[in-house]
Structures are given as structure tokens and as C-alpha cells.
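Report on one structure; see the data block that follows.
Values quoted throughout were computed directly from the atomic coordinates according to the rules given, and no laboratory measurement underlies them. Since the structure is predicted, the reported quantities are computational estimates derived from the model, not experimental observations. Counting neighbours? That spans all protein chains shown, and the Cβs are built from the backbone with ideal geometry, glycine included.
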Amino acid sequence: MYTASDLRKGLKIQIDGEPYLVTEFDFSKPGKGQALYRTKMRNMITGVQFTQTYRSNDKFDRPNLEERNMQFLYAQDDEYHFMDTVSFEQIFLTKEQLGDNLSFLIDNMEVQVLFFGERPIDVTLPTFVNLEVTVADPWAKGDTSGTDTKPVTVQTGFQLQVPPFVEQGDKIQIDTRTGSYITRVKE
Amino acid sequence: MLTPQGLQQRSDLLQAIRSFFFEGGYMEVDTPLRLPVLLPESNIVPFASEDWYLHTSPELCMKRLLARGCSQIFQICHCFRKEESGRIHQPEFTMLEWYHKGWGYFDLMRECEALLALLCRLLPQMPGLSSEGTLSWRECRISLCQPWDRLTVAAAFRQHAGVEVDEVLKLGIFDEVLVTAVEPKLGRERPVFLYDYPVALGSLARCRPNNRQVAERFELYIGGVELANGFSELVDPEEQRHRFSLEIERLRGEGKDAAMPETFLADLALVGETAGIALGFDRLFMLLMGYSSLAEAMPFIIEEL
């Protein structure tokens with residue numbers, strides 16, 4: 001159990017049977033008045049945000065959240081199937097749940113899947129992934145400006161800006177938090 | 001955390017405040033921080049010190065000094081309040097508290113104006129102050145020119161939240177409405193005194209002679225920050241005993257310890273008409289320095305100890 005005085009930015013609490021992440025927090029206490037805990041929260045399943053003010057005697061359950069190492073196996077229709085690398089149990093997440101992660105997800109990738117009880121609700125990708133460039137304009141040799149970038153498409157269909165020397169067939173490292181190019185990878 | 005330069009500015013402010021009170025005929029006092037019984041206040045949680053308590057304000061002992069015959073006293077001391085930690089709250093903080101016999105709460109409002117006017121004159125180098133008497137704090141530009149605004153609680157709730165105070169009291173959401181809808185709008189262009197509180201929210205304040213539902217209590221707000229809380233003091237021991245019994249009942253209902261402060265009540269009959277006020281020294285320093293949080297204005301915060 002948490003009480004309102006435990007509330008802080010980043011805390012995960014359970015309300016009406018669903019997990020919430022505290023995204024903003026402020027303590028207020030008018031003179032001679034009671035302590036008020038003002039929060040902004042995001043439902044970790046639906047993404048819906050709301051603000052709420054709590055009093056010090058308000059209590060919250062701890063959500064049963066667990067991260068497991070899993071490997072991405074395959075996609076079928078809108079279902080993305082993953083396997084627990086320890087127990088070999090298989091689960092799937094929907095396209096909607098994966099959201100922007102799909103820009104970087106490739107077969108056999110090892111990821112962290114967040115479970116709320118038995119229910120998978122979110123995925124954390126490795127911070128850096130190596131993806132193959134599938135579409136790139138050829139480098140116009142002689143262009144020595146050095147500061148220019150050009151757009152390329154990688155194997156997942158994701159597009160990003162890279163330095164002009166990157167060519168089709170190269171592997172590049174991308175930061176999955178920002179979607180930005182890090183370096184060209186030699187294999 | 002303060003640099004040596006910041007500590008010097010804090011020292012300068014302490015000195016300027018003391019000079020204001022000495023010139024006004026006040027005596028500085030220093031009363032015990034550790035007491036066997038505190039004034040029962042339902043929303044303030046004390047720290048225990050063995051089987052006594054660290055005081056949450058110097059009010060109890062200062063009023064007993066008034067009963068002893070002192071007529072104008074001030075004190076700058078540390079106070080301790082458990083479970084208060086936030087952008088403008090710290091569990092240990094410095095309070096400036098003063099009492100003036102023969103005065104009412106409107107006299108204290110004028111004295112707050114005079115205090116800030118002197119500080120502007122003595123401390124023009126404070127980073128938040130400009131030469132034309134404007135305080136810059138966060139996104140606010142606050143003119144300190146007098147007179148400051150005076151607004152009743154009822155009018156403020158109507159004006160800023162569009163609700164009647166009686167309604168929100170009935171619903172039990174006075175604090176929520178005050179904090180979310182009213183306070184953020186207070187004192188943004190010039191300081192404002194919010195005054196005449198519902199009597200349940202001023203257990204140590206005298207009622208208005210013509211309205212028993214309203215206590216002669218005010219709060220000074222600057223830039224949305226509650227800076228000082230003053231009263232026409234309640235000095236009738238029987239009425240004070242009744243108000244305390246309501247607070248004690250509420251505290252015990254929450255499973256907390258509370259006792260009637262008998263020595264205080266015995267002295268109260270000797271106090272006579274008085275006005276008193278507590279001002280958050282760290283908050284004042286924070287405003288004058290242009291800091292956005294209390295932690296920046298203090299010599300140490302808990303995390304550094």
C-alpha cells in the first residue's frame with residue numbers, strides 16, 4: 001500500500017484496478033489547511049492522462065508490475081508474438097500497444113516486456129539497435145560540405161536523416177529513444 | 001543550498017528585519033523550541049522529541065510572554081512540521097513571528113506593507129527587486145507600491161473560482177478550491193491580503209463582532225505564495241477552550257495525540273486585545289532572491305544532511 005505522502009514523480013500506483021504512472025507532482029498546504037498532493041498521471045495501459053488532487057489519508061495499491069526478457073518471434077496480422085527467453089512462454093502484444101516501437105522492432109530482437117499481473121502492457125527496446133538501410137540515394141561524390149544529411153529508409157520502413165556517406169545495404173545504429181542516427185556499423 | 005554570497009544576503013535580510021522591529025519599539029524574544037504540550041491544530045503534525053514535541057510555531061510561548069506583561073515582541077526561530085515537503089515547504093524552516101498589543105488585524109496588514117517598504121529601501125541589491133519597487137518572481141512582475149490589495153475570502157472565491165465559500169465548505173473542498181483555483185491568482189500584480197476566513201479555519205483568531213461565522217484572520221500572498229498569516233488574537237479563554245476542544249476531537253478522530261494546553265489557557269485571560277502574525281522567513285528570502293523553490297533559499301536542505 002502507498003499513502004498520498006509517498007506520491008512523487010515516477011511512482012507507479014494502482015487505481016480502480018489499473019496501473020498509473022505519476023508524471024507530475026506538487027505538494028500544497030494552505031495555511032491552517034490540510035496537505036494536498038496534486039498529481040498528473042498517465043494510465044499505463046490506455047495512455048489516458050488526468051490530474052487529481054489527493055489528501056494525506058488517501059491510499060493506493062501497488063500495481064503488480066514485472067519486466068521480463070523476451071525475444072520477438074513474428075508478427076501475424078496485428079499481433080506481435082514474443083517468447084520468454086527463460087520459460088519459453090509465448091505472448092503477444094497488439095500493433096496499437098507497440099506504437100512507435102514498431103519503427104525499430106526486427107525478428108529475434110531481445111526486448112523487455114512489462115507485465116501488469118499476467119497481462120503484457122508495454123515493451124522497452126534496447127536503447128541502441130542496428131538496422132539495415134534499404135533505400136538510400138547514392139552519395140554524390142565531390143559533395144564535401146560535410147554538414148549535409150540525407151533521408152534513408154531502414155528495413156522496418158522507418159525513415160531518418162543520416163550523413164551522406166551512408167549507402168543502401170549499410171547497417172546503422174539508431175537511438176530508439178529519439179529515433180536518431182548514431183553511427184555506421186561494420187559487420 | 002546557498003553560496004557564501006547567498007548566505008551573506010540571508011544575513012543582511014535578518015539584520016534588516018531586526019532593525020525594522022527594533023525601530024518600531026519591539027523586543028526580540030527567544031522561547032523554547034521543545035514543549036510538553038502544543039496548541040492543538042488539526043492539520044499540523046509535530047515531531048516528537050522523547051515524550052515532548054518540537055514546536056510547530058512559537059505562538060504558545062509568545063502569548064504567555066504577552067500575559068506576563070510584554071506588549072510588543074518579535075521572534076525569529078526555527079519551526080518543525082512533519083510531512084511538509086515540497087517546492088515551497090520544508091519540514092524545518094525559519095519563522096518570523098510578532099505580536100502587538102492593542103492592535104487588530106488591519107493594523108498588522110499596514111505593518112506588513114511598512115516592513116516590505118523598509119526592506120526595499122535597505123536591500124536594493126536583492127536580485128528580485130528593481131529600483132522602482134517591482135519584485136520579479138518566476139513569471140510575475142509584482143508592484144510593491146502601497147497600498148496593497150485587500151480581498152475577503154468570500155470575494156476571492158467568487159471572483160477567482162466562481163463559487164460561494166459556504167458551498168465549498170458544505171462540500172468539504174475549501175482547501176482544494178483554494179489551492180487549485182484561488183491561490184494561483186493571488187498577488188500576481190501586487191501583494192494581496194486575503195482576509196475574513198470561515199471561523200473553523202481560524203481557531204486562534206477572534207470572530208468579527210458582528211458575524212460569528214467569520215474569523216479576523218488574514219493571509220498575505222505575493223506571486224501566489226502564501227507569505228504570512230495574521231489574526232486579531234482570540235483572548236477569551238472560554239471560547240478558546242471550546243475551539244481547542246473541536247480541534248482535539250478532530251485530531252483524536254484521526255488517531256492522533258492531543259491535549260488541552262492548560263497553562264496557555266490560564267495565561268490567556270491576561271493577554272488583552274492583541275494582533276499577531278507569522279511570516280515565513282525562508283519564503284520571503286526566496287521571493288527577494290528570485291529563487292523558484294524554498295530549497296534554494298535555505299543554508300541546508302534535508303537531502304544534504
One residue from B:R252, B:R206, B:R188 being touching a Cys at 6+ places or on another chain (Cβ under 6 Å) and away from every other protein chain (no Cβ under 12 Å): B:R188
First in segment B:254-269 and touching a residue at least 60 places away in the same chain (Cβ under 8 Å), second anywhere and of a type in the set (D, E) and in a helix (DSSP H, G or I), Cβ under 8 Å, 6 or more apart: B:A258/B:E247
Residue among B:R158, B:R150 that alone is closer than 15 Å to B:R190 by Cβ and basic (K, R): B:R150
Qualifying residue in segment A:10-33 (condition: touching a Leu at 6+ places or on another chain (Cβ under 9 Å), surrounded by fewer than 16 Cβ atoms within 10 Å (Cβ to Cβ) and not aliphatic (A, V, I, L, M)): yes
Some residue of segment A:66-85 being of a type in the set (K, R) and touching a helix residue (DSSP H, G or I) at 6+ places or on another chain (Cβ under 7 Å): no
Subset of segment A:3-49 (residues that are away from chain B (no Cβ under 14 Å) and of a type in the set (F, W, Y)): A:Y20
Some residue of segment A:144-151 being surrounded by 12 or more Cβ atoms within 10 Å (Cβ to Cβ) and out of contact with any Ser or Thr (no Cβ under 7 Å at 6 or more places or on another chain): yes
Unique match (being assigned to a loop (DSSP other than H, G, I, E, B) and either surrounded by 12 or more Cβ atoms within 10 Å (Cβ to Cβ) or among the charged types (D, E, K, R) (or both)) among A:L105, A:L114: A:L105
Residue selected from segment B:62-84 under the condition within 21 Å of B:A228 (Cβ to Cβ) and within 14 Å of chain A (Cβ to nearest Cβ), by the criterion nearest to the chain's Cα centre (by Cα): B:C79
Inter-residue pairs, beta-carbon under 6 Å, first under 30 Å from B:T180 (Cβ atoms) and in segment A:51-73, second surrounded by fewer than 13 Cβ atoms within 10 Å (Cβ to Cβ), 6+ apart: A:K59/A:M1
Enumerated strands (runs of 3 or more DSSP E) restricted to segment B:1-110, each holding at least 3 residues that are without any contact (Cβ under 8 Å) to a residue 60 or more places away in the chain and either out of contact with any Leu (no Cβ under 9 Å at 6 or more places or on another chain) or closer than 29 Å to A:L36 by Cα (or both): B:52-54, B:72-80
